[in-house]
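Comments concern the structure below.
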Amino acid sequence: MVFAGSPDHGHWHVQDVARYQLRRLSDSVRVRTRVKRGFCFYDSSVHRASLAGVPSKPAYPRSACGPKHALRLATGVSVGWRDDYYWRIPGQQMDITTLPNGRYRLLVRADPQNWFRESNERNNVTWVDLEIGRTSVKALGRSPRL
């Protein structure tokens with residue numbers, strides 16, 4: 001784990017949990033790679049309240065990610081909950097300013113080292129096809145939801 005200690009983001013993260021690749025659609029050549037600095041897993045919001053065993057309140061609150069002096073953490077995502085990571089959170093960008101215009105696929109793989117025991121290992125990869133223009137990026141399609 002690594003501590004992310006900025007004024008607006010000070011808690012522990014599991015490192016190297018997601019890898020991003022940007023590939024040209026024409027020939028699948030990788031043009032950019034990015035490793036997400038880290039994630040702190042916690043119950044952000046209810047996803048499916050109808051599942052068996054869903055807690056009525058977060059079992060893993062954001063505070064479970066711990067302060068810098070913490071020696072133990074218990075982070076996770078409860079049954080029926082989700083951990084929301086939005087595009088505007090710092091440290092998730094990929095520089096595309098020098099790429100030529102064209103069509104690309106952004107491929108994301110969660111848990112690439114297989115560190116976590118999961119009930120479903122088949123849903124760790126997702127992708128979105130993009131058309132990158134001089135002043136715009138347009139989504140062309142995405143992977144199906146699993």
TODO: Just one of (1) free of Cβ contacts under 8 Å to residues at least 60 places away in the same chain; (2) part of a strand (DSSP E or B) trips up ARG105, so point out which.
DONE: (1)
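In this structure, does GLN92 turn out to be polar (S, T, N, Q), in a loop (DSSP other than H, G, I, E, B) and surrounded by 13 or more Cβ atoms within 10 Å (Cβ to Cβ)?
Answer is yes for this residue.
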Open item on the list: Can you list residue pairs whose Cβ atoms sit under 7 Å apart, with the first residue in the range 4-32 being at positive phi and the second being modelled with pLDDT of 85 or more and not aromatic (Phe, Trp, Tyr)? Count only pairs 6 or more apart in sequence or on different chains.
Closed with: ASP16/GLN113
Open item on the list: For the range 56-88, give me each residue that is touching a residue at least 12 places away in the same chain (Cβ under 8 Å), under 18 Å from the mean Cα position of the chain (by Cα) and surrounded by fewer than 12 Cβ atoms within 10 Å (Cβ to Cβ).
Closed with: ASP84
Open item on the list: Checking CYS40 against (1) within 13 Å of the chain's Cα centre (by Cα); (2) farther than 23 Å from SER119 by Cβ; (3) not hydroxyl-bearing (Ser, Thr, Tyr), only one condition comes out false. Which one?
Closed with: (2)
TODO: Being exposed (fewer than 14 other Cβ atoms within 10 Å of the Cβ), of a type outside the set (Phe, Trp, Tyr) and either closer than 30 Å to GLU131 by Cβ or at pLDDT 85 or above (or both) narrows it down to one of VAL17, VAL2, VAL35, so name that one.
DONE: VAL35
Task: Positions within the range 20-67 being aliphatic (A, V, I, L, M) and not in a loop (DSSP other than H, G, I, E, B), in sequence order - done: LEU22, VAL31, VAL35, VAL46, ALA64
Task: Search result, residues across the range 108-138 that are out of contact with any Leu (no Cβ under 6 Å at 6 or more places or on another chain), charged (D, E, K, R) and part of a strand (DSSP E or B) - done: ARG109, LYS138
- [ ] Taking the residues in the range 95-128 that are touching a strand residue (DSSP E or B) at 6+ places or on another chain (Cβ under 9 Å) and among the small types (Gly, Ala, Ser) as candidates, determine which candidate is nearest to ARG24 (Cα to Cα).
- [x] GLY102
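Yes/no per residue for (1) within 30 Å of LEU25 (Cα to Cα); (2) modelled with pLDDT of 95 or more:
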site: PHE41; (1), (2): no, no
site: TYR60; (1), (2): no, no
site: VAL79; (1), (2): no, no
site: ILE89; (1), (2): yes, no
site: GLN93; (1), (2): yes, no
site: LEU130; (1), (2): yes, yes
Task: Residue in the range 97-141 that is nearest to the chain's Cα centre (by Cα), counting only those that are surrounded by 14 or more Cβ atoms within 10 Å (Cβ to Cβ) and of a type in the set (Asp, Glu) - done: ASP111
Task: Residue that is farthest from PRO100 (Cα to Cα) [pool: residues in the range 38-52 that are surrounded by fewer than 12 Cβ atoms within 10 Å (Cβ to Cβ) and of a type in the set (Ser, Thr, Tyr)] - done: SER50
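The values are calculated or read from the model by the stated rules, or taken from the named source; none is laboratory data. Just so it is clear, the model here is predicted, and its values are computed rather than measured. So basically every Cβ, Gly included, is an ideal-geometry build from the backbone, and we count neighbours across all protein chains shown.
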